[in-house]
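Visitor: Below you'll find the structure I mean.
The values are calculated or read from the model by the stated rules, or taken from the named source; none is laboratory data. Note that this is a predicted model, so its numbers are computed, not measured. When we count neighbours, we look across all protein chains shown, and the Cβ atoms used for this are built from the backbone with ideal geometry, even at glycine. The protein model used for the area step is the full one, side chains on, heavy atoms only, and it has no ligands, DNA or RNA in it. Shrake-Rupley method; radii C 1.70, N 1.55, O 1.52, S 1.80 Å.
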There are 6 protein chains.
Amino acid sequence: MFSITVRDHIMIAHSFRGEVFGPAQRLHGATFVVDATFKRAALDDDNIVVDIGLASQQLNGILAEFNYRNLDDEAAFAGINTSTEALAQVIADRLADRVHAGALGEGARGLAGISVTLHESHIAWASYERTL
Amino acid sequence: MFSITVRDHIMIAHSFRGEVFGPAQRLHGATFVVDATFKRAALDDDNIVVDIGLASQQLNGILAEFNYRNLDDEAAFAGINTSTEALAQVIADRLADRVHAGALGEGARGLAGISVTLHESHIAWASYERTL
Amino acid sequence: MFSITVRDHIMIAHSFRGEVFGPAQRLHGATFVVDATFKRAALDDDNIVVDIGLASQQLNGILAEFNYRNLDDEAAFAGINTSTEALAQVIADRLADRVHAGALGEGARGLAGISVTLHESHIAWASYERTL
Amino acid sequence: MFSITVRDHIMIAHSFRGEVFGPAQRLHGATFVVDATFKRAALDDDNIVVDIGLASQQLNGILAEFNYRNLDDEAAFAGINTSTEALAQVIADRLADRVHAGALGEGARGLAGISVTLHESHIAWASYERTL
Amino acid sequence: MFSITVRDHIMIAHSFRGEVFGPAQRLHGATFVVDATFKRAALDDDNIVVDIGLASQQLNGILAEFNYRNLDDEAAFAGINTSTEALAQVIADRLADRVHAGALGEGARGLAGISVTLHESHIAWASYERTL
Amino acid sequence: MFSITVRDHIMIAHSFRGEVFGPAQRLHGATFVVDATFKRAALDDDNIVVDIGLASQQLNGILAEFNYRNLDDEAAFAGINTSTEALAQVIADRLADRVHAGALGEGARGLAGISVTLHESHIAWASYERTL
């Protein structure tokens with residue numbers, strides 16, 4: 001199995017609901033360093049997993065919708081906790097939609113899976129992985 | 001599949017038995033930067049994998065039993081080589097015990113697996129992963 | 001010249017005033033990974049720069065006042081832009097106050113300077129350094 | 001499942017053929033920081049995955065054939081794009097050959113798989129994993 | 001003294017002349033992860049060292065002239081060894097020119113110095129620092 | 001001012017004397033990731049600070065005397081606390097001796113200074129810098 005990963009980041013505000021979150025129930029924020037990984041069983045005709053330029057561009061496009069925002073005010077997240085792991089899924093699913101729509105190139109239709117990791121600090125990160 | 005990872009570290013002394021270890025048969029030491037990863041198929045009611053605060057606390061509690069010690073003097077390791085990979089298993093198994101005992105919260109009973117990585121330097125690390 | 005550095009982090013929300021900040025004028029947030037460096041010309045009687053345990057504890061105490069907060073609501077920052085470089089100065093000055101108050105031990109009175117670096121992402125950071 | 005990973009690096013020149021590569025069609029170069037991971041289900045008699053010294057040595061030997069070279073001039077790569085993911089496979093396959101030839105020790109015959117990751121920058125990397 | 005740093009990278013081919021370079025006399029290449037640091041004694045009216053957006057943009061513009069190229073073919077480097085430390089100076093000097101030309105904003109005229117670090121691998125890097 | 005830095009590491013056991021060290025008074029250990037920096041005002045005839053190959057080799061030679069050892073048993077450290085900052089000085093001074101002895105090449109006699117940083121974990125490091 002092959003994979004390529006590209007890294008970008010977002011800087012957002014949010015708060016959590018639920019006693020388990022302790023002080024993180026207050027409005028605070030995070031830099032999420034985001035790693036998006038694309039997997040496939042065999043390389044395409046160019047000997048690559050996916051066009052790394054397109055992959056970076058599409059990831060950046062998805063992140064731009066969240067960047068420099070208060071996620072508590074975003075309709076897409078109404079009523080849900082925007083935990084690091086939940087955001088990893090949102091980003092992976094949106095990348096999958098773009099793959100299916102052809103935004104990562106025709107060759108990308110051969111991708112087997114996507115995983116997304118969000119680093120919230122030097123000592124904590126979360127991931128979500130799915131098939132395509 | 002979702003996962004969250006928390007990082008901590010220990011500073012220990014030890015030695016190895018066996019020609020394969022060369023100069024590491026002498027008493028020496030290591031800083032192990034320890035990453036503990038918790039996996040599950042679906043998020044819990046709070047939209048998380050596990051309470052990251054509890055996860056950090058339990059990992060720290062397990063590491064405290066080794067930290068600032070000479071592992072050659074610990075009864076738990078009598079007669080075995082405390083290689084990086086072997087220590088990864090010990091830590092993963094102890095985390096699993098704590099999950100089963102409810103120390104990571106009731107929700108943590110839904111965890112699917114644990115993996116532990118110990119970084120012994122900037123150029124070498126070892127991991128152990130298991131189901132729960 | 002000798003130095004020791006300890007690392008910790010905070011997760012905060014804030015916004016900026018001024019056209020130069022572009023989209024960062026909106027309420028957003030950041031994880032700041034904070035490195036505090038203590039410098040001195042000669043080591044103390046214990047052969048150290050400063051008690052690393054006390055240094056970590058005092059840094060953590062200062063950061064606790066900001067952590068999981070919206071800096072826009074903090075009286076200490078009323079009317080000022082809480083840029084990464086400005087926060088580096090605030091943290092360095094508070095560490096200096098604690099050194100002068102004896103909170104880092106009597107030996108710490110021999111410290112020559114402090115510098116603080118805040119990493120706001122994997123591609124941007126800011127520092128402030130001062131004498132003691 | 002256990003694993004150990006060792007890190008090394010190479011500095012090479014190369015160019016790509018295919019419109020998808022844009023400016024990377026020109027002769028340019030890369031530092032590849034190479035992580036080689038060895039996996040097995042159970043530890044050997046020395047309580048290790050594989051002799052980490054031998055693993056580092058064999059990886060270094062394989063990389064020495066590429067290091068400080070223009071890959072466009074290497075017979076082994078005639079007519080193929082030496083993408084990061086393609087190079088990961090070449091290195092993994094050569095490590096597998098060495099395992100089968102006994103170069104990583106008799107115990108290494110119990111290895112279950114190998115994966116190789118090449119970091120081409122702080123924001124992009126690629127991997128290939130295979131069974132043994 | 002305050003500073004801010006922004007990170008970018010280039011991927012280039014080159015070769016060296018001189019016995020001291022050993023195998024690096026052959027055509028090879030490197031990824032240089034480039035950190036550009038801007039220093040000043042006091043913050044400007046916006047409470048910053050320099051507009052981090054402009055700083056990133058100007059650094060990127062300078063690096064674009066080298067990126068995906070064989071430095072041996074560049075007129076700017078005719079007859080000189082493009083060592084990591086020499087490239088750090090070139091980039092710092094070009095940043096200084098842009099500061100003086102006003103490309104980093106009027107406020108940037110208050111900058112005291114610039115330093116540039118190029119990481120050529122995980123185990124080697126070089127820097128050049130200068131006043132403005 | 002120019003500089004180049006090379007990285008290596010050691011894995012040692014040791015203990016500390018003095019109440020300030022708390023649990024670190026017990027025999028424990030550390031991986032020290034060691035960064036050695038060489039500074040000079042102007043580049044030499046090869047357009048470099050110092051031969052990076054020789055620099056790495058000499059650093060490795062110095063570290064070999066400590067590696068895989070219990071520092072409490074080394075005559076060189078009898079009666080002193082081998083704190084991270086104290087070890088940084090020992091390594092810097094030994095590098096300086098080798099520079100003066102010509103082991104880093106004739107050109108290295110133009111070096112202005114050396115600094116050594118020892119990373120004892122992902123959250124703590126210490127440095128010593130000196131002139132030549």
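Visitor: What residues does the stretch B:36-58 have that are buried by at least 30 Å² of accessible area in the full protein assembly compared to the chain on its own, 1.4 angstrom probe?
Guide: Buried on complex formation: B:Asp46, B:Asn47, B:Ile48, B:Asp51, B:Ile52.
Visitor: A follow-up question, please. What residues qualify as long-range amide H neighbours of F:Gly113, i.e. H under 5 Å apart, gap of 5 or more or another chain, H built at 1.01 Å from N?
Guide: Amide H neighbours of F:Gly113, under 5 Å, 5+ apart: F:Lys39, F:Leu132.
Visitor: Okay, next question. Dipole size in debye (nearest 20) for chain D around its Cα centre, Lys and Arg Cβ +1, Asp and Glu Cβ -1?
Guide: Around 180 debye, computed over chain D.
Visitor: In Å², nearest 100, what accessible area do chains A and C bury in total when the solvent probe is 1.4 Å? Please report the intermediate quantities before stating the final value.
Guide: Values: alone 7190 and 7200 Å², together 12480 Å².
Answer for the A-C pair: about 1900 Å² buried.
Visitor: Also: Once phi is turned into θ = phi - 60°, what whole-Hz ³J(HN,Hα) does the Karplus curve with 6.51, -1.76 and 1.60 give for every residue of the stretch F:8-24, x standing for Gly and Pro?
Guide: Couplings: 8, 7, 9, 10, 10, 9, 5, 9, 10, 10, x, 4, 4, 7, x, x, 6 Hz.
Visitor: Sketch the reach of a paramagnetic label on F:Gln25 as a point 7 Å from Cα along Cα-to-Cβ, and name the residues of the stretch C:28-47 whose backbone nitrogen lies under 20 Å away.
Guide: Only C:44-47 fall inside the zone, counting backbone N under 20 Å.
Visitor: A follow-up question, please. Tell me, how many Å apart are the Cα centres for the stretch C:15-36 and for the stretch B:1-78?
Guide: Spelled out, the Cα-based centre of one part sits 35 Å from the other.
Visitor: Rank these by accessible area, largest first, 1.4 Å probe: E:Leu27, D:Leu95. Working shown, then result.
Guide: Details: E:Leu27 45, D:Leu95 0 Å².
Of E:Leu27, D:Leu95, the descending order of accessible area is E:Leu27, D:Leu95.
Visitor: Using a 1.4 Å probe and ignoring any ligands, DNA or RNA, find the accessible area of D:Arg109 and quote it in Å² to the nearest 10.
Guide: My reading of the accessible area for D:Arg109 is about 130 Å².
Visitor: Also, quick follow-up: Using a 1.4 Å probe on protein heavy atoms, which residues of the stretch C:78-104 have at least 30 Å² less accessible area in the complex than alone?
Guide: Those residues are C:Asn81, C:Glu85.
Visitor: How far is helix D:52-64 tilted, in degrees, relative to the longest principal axis of the Cα atoms in chain D, given as a value from 0 to 90 rounded to the nearest 10?
Guide: Approximately 20 degrees, to the nearest 10.
Visitor: May I ask which residue of C:Gly105, C:Leu59, C:Ile12 lies farthest towards the positive end of the charge dipole of chain C, with charges of +1 (Lys, Arg) and -1 (Asp, Glu) on Cβ and the Cα centre as origin?
Guide: About the Cα centre, the residue reaching furthest to the positive side is C:Ile12.
Visitor: Which of C:Asp44, C:Asp35, C:Asp72 moves most in a GNM of chain C, Cα contacts under 10 Å?
Guide: For chain C, modelled as a Gaussian network with Cα springs under 10 Å, the answer is C:Asp44.
Visitor: Quick one: angle between helix C:84-100 and the longest Cα principal axis of chain C, in degrees between 0 and 90, rounded to 10, please.
Guide: 30
Visitor: What does the charge add up to near F:Gly79, with Lys and Arg as +1, Asp and Glu as -1, over the other residues with Cβ less than 14 Å from its Cβ?
Guide: Details: positive: F:Arg17; negative: C:Asp45, C:Asp46, F:Asp72, F:Asp73, F:Glu74.
After counting each charged neighbour, the total is -4.
Visitor: I'd like the accessible area for A:Trp125: 1.4 Å probe, protein heavy atoms, all chains in place, Å² to the nearest 10.
Guide: Taking all protein chains as shown, A:Trp125 has close to 40 Å².
Visitor: Here is a further query. Quick check: pseudo-label points 7 Å beyond the Cα along Cα→Cβ at A:Met1 and C:Ala64, how many nm apart are they?
Guide: Here the modelled spin labels are 4.3 nm apart.
Visitor: OK, next. Over chain A, give the accessible area per residue in Å² for a 1.4 Å probe, as an integer. Could you put the intermediate results ahead of the total?
Guide: Values: 4850 Å² over 132 residues.
Heavy-atom SASA per residue in chain A reads 37 Å².
Visitor: When DSSP assigns beta bridges and you keep just the ones with both residues in the protein assembly as shown, what percent turn out antiparallel, to the nearest 5? Let's see the in-between values first.
Guide: Working: 198 of 204 bridges.
Around 95 percent of the beta bridges assigned by DSSP in the protein assembly as shown are antiparallel ones.
Visitor: Just need the relative contact order of the stretch E:1-113 here, percent rounded to a whole number, with Cα pairs under 8 Å and 6+ apart. Don't skip to the answer; put the middle values down first.
Guide: Details: 161 pairs, mean separation 37.7, N = 113.
Relative contact order of the stretch E:1-113: 33 percent.
Visitor: Among the lysines in the protein assembly as shown, how many pairs, 8 or more places apart or on different chains, have alpha carbons under 21 Å apart? It would help to have the intermediate numbers written out before the result.
Guide: Numbers: A:Lys39/B:Lys39; A:Lys39/D:Lys39; B:Lys39/D:Lys39; C:Lys39/E:Lys39; C:Lys39/F:Lys39; E:Lys39/F:Lys39.
Within the protein assembly as shown, the lysine pair count is 6.
Visitor: Across the stretch F:120-132, in residue order, what do the Karplus-derived ³J(HN,Hα) couplings come to in whole Hz, using 6.51 cos²θ - 1.76 cosθ + 1.60 with θ = phi - 60° and x for Gly and Pro?
Guide: The phi angles translate into 8, 6, 6, 10, 7, 8, 9, 9, 9, 10, 8, 8, 10 Hz.
Visitor: For F:Asn67, what residues show an amide H to amide H distance below 5 Å, using hydrogens built from the backbone and excluding near sequence neighbours?
Guide: none
Visitor: Here is a further query. Rounded to the nearest 10 Å², what accessible area does A:Met11 show when all protein chains are kept and the probe is 1.4 Å?
Guide: 10
Visitor: Further question on the same structure: Using a Gaussian network model of chain B with C-alpha springs under 10 Å, which one of B:Ile91, B:Ile62, B:Ile80 is most mobile by mean-square fluctuation?
Guide: Looking only at B:Ile91, B:Ile62, B:Ile80, the biggest GNM fluctuation is shown by B:Ile80.
Visitor: I would also like to ask the following. Tell me, what ³J(HN,Hα) does each residue in the stretch D:106-118 have, in order and in whole Hz, if you take phi through Karplus 6.51 cos²θ - 1.76 cosθ + 1.60 with θ = phi - 60° and put x for Gly and Pro?
Guide: 4, x, 5, 5, x, 5, 9, x, 9, 9, 10, 10, 10
Visitor: Quick one: what Rg and Dmax do you get for the protein assembly as shown from the alpha carbons, in Å?
Guide: Rg and Dmax of the protein assembly as shown, Cα atoms, are 25.6, 70 Å.
Visitor: For chain A, which whole-number percentage of the solvent-accessible area (1.4 Å probe, protein heavy atoms only) is attributable to carbon and sulfur atoms? Intermediate results must be reported in sequence, preceding the final value.
Guide: Working: 2280 of 4850 Å².
Looking at chain A in its full context, I get 47 percent from C and S.
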